[in-house]
Amino acid sequence: MEDVGHTLQTLATKVQHTAYRNRGVYLAMRAYLQQREGNYVEALGSLREAEAVLKQDHPTNFSRQALVTYGNYAWIYYHLANFETVELYLGRIHEICQSLSSPEPYSAHIPEIHAQKGWSLLAAGSQNGEEAKMCFQTALQGDKSNKDFQAGLVLSLFAAWTCSQKADHWKEAKRLVEIYHRRRPLNDEVKVHLASLLEKTDWQRTKRLAEEAVRSSLDPEVLRNAAKVCQQRAPSRAIDILQQAIALAPGYYLLHHDLGVCYANQLQEAAAPEEREETLTAAIESFKRAVEMDPRGLISRLALARMYSERAPLHAQEIFHNLVKELPSFSKRGQRVICLHWGDFLLHWKGLRREAAEVYRAGLALPGGGHKEWQQLRRKLEAVDMMCEEDSERDSEREH
C-alpha cells in the first residue's frame with residue numbers, strides 16, 4: 001500500500017456505504033495507516049470509533065471481534081511509550097484468549113480474525129483477491145452460515161478474477177456471484193460485479209443490472225463500477241453515471257480520474273478539431289482535479305502527463321521530472337511504470353531514441369515487481385535499439 005491517501009479515501013467510502021458488518025475492520029485499518037504516517041492521535045480516534053462500531057454491529061460476540069483492535073491499541077501506545085496502557089490492552093487480549101481456551105496467550109485462531117484479515121486485504125486492492133479468498137474459506141470452516149463471511153468470499157473471488165482475468169477465475173466468480181445475487185437481489189455492489197462478469201457474454205443483461213444499481217444506489221463506488229461496465233460500449237452513459245457519482249461525492253478522486261479516462265477514450269474517436277479540443281480539455285481538467293485531491297497518486301499524474309503531451313509537452317515533462325525525483329518512494333512496479341511512460345514520452349513526443357532506450361533499460365534493471373511492465377519495457381527497448389541501429393547504418397552509409 002504505497003499510496004496511503006488512496007487507501008484512506010477508499011476506506012472512507014467503504015465505512016459509509018458497506019452492506020456488511022465490517023465497518024470496524026475498515027476503521028481499524030484506517031488507524032493502522034494513520035499510525036504508519038505518525039498520526040497517533042488520529043489513529044487512536046479511529047480505534048475508538050472501531051470499538052464503538054464493533055459493539056453496535058456485534059453485540060453478542062464483541063470480545064472475539066475486538067482482539068485485533070485491542071492489539072492495535074497496544075501497538076500505538078507502545079510507540080507513545082505509554083507502557084502502562086500497553087499492559088492494560090495486552091491484559092484484555094490475554095483474558096479473551098483464555099476464555100477461548102487458546103493455547104497461545106495473545107492470539108486465537110478464530111473465524112472472526114481470518115475474516116477481518118480478508119476484509120483488510122480486499123480493502124487494500126483487488127491484487128489481494130486470492131489471499132482474501134483463502135481467509136474467508138478458513139473463516140467459513142468455523143462458521144458456515146455466517147452471511148458476512150459468505151459475502152467476503154464472493155467479493156474476493158470477483159477481485160481475484162478482476163486482477164488475473166483468467167478463465168477459471170471468471171467461471172468460479174460468476175457461479176458464486178450469481179448464487180449470491182439470487183439470494184440478495186437488492187445488493188447493488190454484487191449486482192454491478194455480476195454485470196461486469198457478464199459484459200462480454202450477455203450485454204443486454206449487463207446493461208439492465210448496471211442501470212438497476214445506478215437507480216437505487218447512493219454508493220459512489222457502486223456507481224463508479226457501473227460506469228466501468230459501460231465505458232467501452234456506452235461511453236456517454238459512463239460519463240453521465242460518473243457525473244452522478246461526483247455529485248454525491250465530489251471529493252472522491254477516483255471518480256474524477258475515471259471521468260478523465262472516459263474523455264481520453266473519446267479523444268481517440270473524435271474527428272473534428274473542435275470536438276477533439278473540447279474533449280482533450282475535459283480530460284485534462286478531470287485528471288487535474290484527481291491529482292489535486294490525491295497529489296501522491298501515480299496513475300492520475302501519469303494520465304495527466306499523457307494528456308499534456310498532446311497540448312503542452314513542457315507541462316508533461318515537468319510531471320515526469322518530478323516523478324523521476326520521487327522514484328525511490330514508489331514500489332518497484334510503480335518505478336517500472338514511470339520508466340515505461342517516461343521512455344514513451346521521450347521517444348514519441350521528443351524524438352529522443354537513445355535517451356528513451358536508456359530509460360527503458362533502467363526500468364528493466366529494476367529488481368522484482370511488475371512482470372507485465374517488464375515485458376512491455378523489453379519489447380519497447382528491442383524496437384528502439386533496432387531503430388538506433390538503422391540510424392547508425394544510414395549515418396555510416398552517408399559517411400562513405
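Throughout, read-outs are computed from the coordinates displayed, never taken from laboratory work. On a predicted model such as this, the values are computed, not experimentally measured, just so you know. With ideal geometry, Cβ positions are generated from the backbone for all residues, glycine too; neighbour counts draw on all protein chains shown.
Side notes on the structure shown:
- For the chain, built as a Gaussian network whose Cα springs stay under 10 Å, the top-fluctuating residue of Lys14, Lys325, Lys144: Lys325
- Computed FRET value (nearest 0.05) for Lys144 with Asp202, which takes r as the C-beta separation and R₀ as 30 Å: 0.45
- Most tightly packed first, judged by the mean number of other beta-carbon atoms within 10 Å of their residues, the peptides 96-108, 58-70 read 58-70, 96-108.
- Estimated from helices alone, the mean residue ellipticity of the chain at 222 nm is -26000 deg cm²/dmol (sum of -39500 (n - 2.57) over DSSP H runs with n ≥ 4, per residue).
- Taking other Cβ atoms within 10 Å as a rough exposure proxy, Thr206, Thr18 sort from fewest to most as Thr18, Thr206.
- Segment Lys350-Arg379, extension gain: residue separation times 0.36 nm, minus the distance between their alpha carbons: 8.5 nm
- Rough spin-label spacing in nm, given labels placed 7 Å along Cα→Cβ, for Gln56 and Leu218: 1.5
- Estimated FRET transfer efficiency (Ser392, His371; beta-carbon r; R0 25 Å; 0.05): 0.20
- Cβ-Cβ FRET estimate between His94 and Glu172, R0 fixed at 45 Å, reported to 0.05: 0.65
- Residue (of His17, Pro103, Tyr77) at the positive-pole extreme of the range 1-124, dipole from beta-carbon charges: His17
- Pair Glu104, Leu364: separation of 7 Å Cα→Cβ label points (nm): 4.5
- Cβ charges +1 (Lys, Arg) and -1 (Asp, Glu), total dipole of the range 1-124, debye: 360
- Degrees, to the nearest 10: 332-348 long Cα axis against longest axis of the chain: 20
- For the chain, the Cβ-based charge dipole about the Cα centre amounts to some 1260 debye (Lys, Arg positive; Asp, Glu negative; other atoms uncharged).
- Applying 0.36 nm per residue to the separation of Ser164 and Glu285 and subtracting their alpha-carbon distance, the gain on full extension is 40.4 nm.
- Charge dipole (the chain, unit charges on Cβ, about Cα centre) - positive-most of Val154, Leu381, Ala226: Val154
- Cα shape, the range 46-89, gyration tensor, a/c 1.5 rule: prolate
- Debye log10 I(q)/I(0) at q = 0.09, 0.14 Å⁻¹ for the chain, Cα point scatterers: -0.66, -1.34
- Global form of the range 332-390, assessed from the alpha-carbon gyration tensor, a/c cut-off 1.5: prolate
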